[in-house]
Amino acid sequence: MTTFHSTRSTTDSLTAKQAIRKGIADDGGLFVSDSLGETRVDLANIAAKSYQEIALDVLGALLPDYTADELKACIAEAYGDQWADPEITPLKPLGDDFVLELFNGPTSAFKDVALQILPRFMARATPAGGDPDEKIMILTATSGDTGKAALAGFADAPGTGITVFYPEGKVSEVQELQMTTQTGSNVKVAAVRGNFDDAQSAVKRIFGDRELADRLAADSHVVLSSANSINVGRLVPQVVYYFSAYAQLLRQQVINTGDEVEFVVPTGNFGDVLAGYYAKLLGLPVKHLVVASDKNNVLFDFLRTGSYNRNRPFFQTISPSMDILVSSNLERMLYYFSEGDTRLIAMLMNDLKNYGCYEIPEDLLAKIRRVFGCGWADEDQVRGAIADCWRENRYVIDPHTACGYFVMRQMPADPLTPRVLLSTASPYKFPRVVNEALGFDATGTDFACMDALAEATGTKAPAALRGLETADLRFGDVIAIDGMESFVADAAAAL
Ligand SMILES: *Cc1c(COP(=O)(O)O)cnc(C)c1O
């Protein structure tokens, strides 16, 4: 029986359903399962399978206490015609390399892959406690894309509510409008004065506040849970597209079954790239996973030196969803590479909390470096990569994907190992920056920029993004960091 416990202790023993409902462990650790990798995903017939069929195989291996019927229903609801492409995550050639488009979902960012299915997982995980009226309230701090994708997934989902905080002035016009126009009777959105890490830290404090938890349960029948990528239900759906990419490479006759593939992953909180490592543990022939960062290159330094140090300037860049100094999911990677050394992980995370830094043993770093490569791009390099990619391939990429493109092009190509760049957002989410990089008209509103981009490249803006110009504004609150807790309490009372 697969059970989950914290990365920092083995005292808990939760089913997948309980871990998904709970989000984060009581000691602040992340839920992990020691049976990861015991069940392998069969690659024999994968080329003939649809995304939905691959999802059933992968999710069945990772979340065994969901029945096959439950998983089928979750998958059918999450990966239906709200996706603009029947492949869900189509793989396209990009010069000698490949790009895996993860942005064809309802909010045009890769987070849809996970956040379309997470609410369906939660709906099928019954309350663990004694309160049959218990409702889950999702609480999320977002650097841009998570917020909207979570709102879209949870809006009007039965038995749930959602509250989203984003850093004021630090997301794009389109990203902000995506959130402030969100419909649904169970949603609340506020901008906070601070950066993403401030908001994320405050959310973590709110999760750790027992007194608040008791009050919300007693007054409003509400338990708080997380939709950030620390939730195991957010992480595992992302494993599926690595297998889907492999199936598409097989179908396009680029590889034979068993051949190794390399993935280049624009990285922030380390969820996306960690899912690639889970895929490897499930038997996918992954040679390397390349962590591509923006100017906030804390992960690059870590993977080079073994020393993680968040005591450094925070840069607000043109790839806001990667502007992160504390990559939460790294904790899970360290857990697996240290062979489940919960004492070590607890110590490292304690150092991170108290000193803002930690250092891992040399042999551990060496093991990690056999799998994970790294690189980063500053903002000029990101702009240059957008321009290069368009000039060389007639393919438009967004600033996050461009970090990966830059890093990929810096690496020596191995003709025997196909490289897949994960594309994490539609360029139409960041039309101003893209137009500036490509020399197209970048004056006027984001919507004028979308039209100019469409005109100049012969591509089309996703309808949901273009339609934001005329959507009704529903939320305009700007609050202080220390006002977040009472905002949450009010939102819970209104559920
Ligand atoms: C969230 C996000 C990332 C980073 O993904 P992580 O799982 O946090 O590493 C990269 N690009 C875009 C567009 C994103 O929204």
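The values are calculated or read from the model by the stated rules, or taken from the named source; none is laboratory data. Since we're looking at a predicted model, the values are computed, not measured. Virtual Cβ from ideal backbone geometry, glycine too; neighbours counted across all protein chains shown. Surface areas here come from the heavy atoms of the whole protein model, side chains and all, with no ligands, DNA or RNA. Shrake-Rupley method; radii C 1.70, N 1.55, O 1.52, S 1.80 Å.
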Here the gain from full extension of ALA217 to ASP65, 0.36 nm per residue of separation minus their alpha-carbon distance, amounts to 52.1 nm
Stokes-Einstein D for segment 405-495 (4 °C, 1.567 mPa s, Kirkwood Rh from Cα pairs), in µm²/s, comes to 75 µm²/s
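May I ask for the Kirkwood hydrodynamic radius of the chain, worked out over all distinct Cα pairs and given in angstroms to one decimal? Before the final figure, lay out the partial values.
Details: mean 1/r = 0.0442 Å⁻¹.
Over the chain, the inverse of the mean reciprocal pair distance is 22.6 Å.
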Carbon plus sulfur, as percent of the 1.4 Å-probe accessible area of the chain, comes to 48 percent
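Going by average Cβ density within 10 Å per residue, which order do the peptides 16-28, 56-68 take, highest to lowest?
Numbers: 16-28: 20.9, 56-68: 19.2.
The packing order, highest mean first, is 16-28, 56-68.
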Computed curve, segment 37-179, Cα-only Debye sum without solvent term, log₁₀ I(q)/I(0) at 0.16, 0.18, 0.22 Å⁻¹, is -0.99, -1.16, -1.38
P(r) over all Cα-Cα pairs of segment 231-359, 5 Å bins from 0 to the longest distance, whole percent per bin, short to long, reads 2, 10, 18, 20, 19, 15, 9, 4, 2, 1, 0
extent check for segment 221-307: Cα max minus min per principal axis, descending, whole Å, gives 51, 41, 20
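When ranked by the protection proxy of mean other Cβ atoms within 10 Å per residue, highest first, what sequence do the peptides 35-41, 264-270, 233-239 form? Write out the running numbers ahead of the final one.
Numbers: 35-41: 14.6, 264-270: 27.9, 233-239: 26.3.
Put in order of decreasing packing, that is 264-270, 233-239, 35-41.
Taking the Cα centre of the chain as origin, work out the dipole magnitude from +1 charges on Lys and Arg Cβ and -1 charges on Asp and Glu Cβ, in debye rounded to 20.
On the way: 44 positive and 65 negative charges, 94 e Å.
About 460 debye.
Grab the Cα-Cα distance for ARG304 and ALA387, subtract it from 0.36 nm times how many residues apart they are, and report the gain in nm with one decimal. Present the calculation step by step, with values, prior to reporting the outcome.
Values: separation 83, 0.36 × 83 = 29.88 nm, distance 2.86 nm.
Separation in residues times 0.36 nm, less the Cα-Cα distance, equals 27.0 nm.
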Quick note, segment 165-244: a/c under 1.5 would make it rounded; otherwise a/b > b/c is prolate and the rest oblate (a ≥ b ≥ c, C-alpha gyration tensor); here it is oblate
For the GLU485, ASP27 Cβ pair and Förster radius 25 Å, calculated FRET efficiency rounded to 0.05 is 0.75
Site ARG193, offset 7 angstrom along Cα→Cβ, radius 16 Å on amide nitrogen, limited to segment 455-480, gives 477-480
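Roughly how many Å² is the accessible area per residue of the chain, as a whole number, for a 1.4 Å probe?
Working: 18410 Å² over 495 residues.
In whole numbers, the chain has 37 Å² accessible per residue.
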Hull volume per residue for segment 109-183, using the convex hull of the C-alpha atoms, in Å³ is 85 Å³
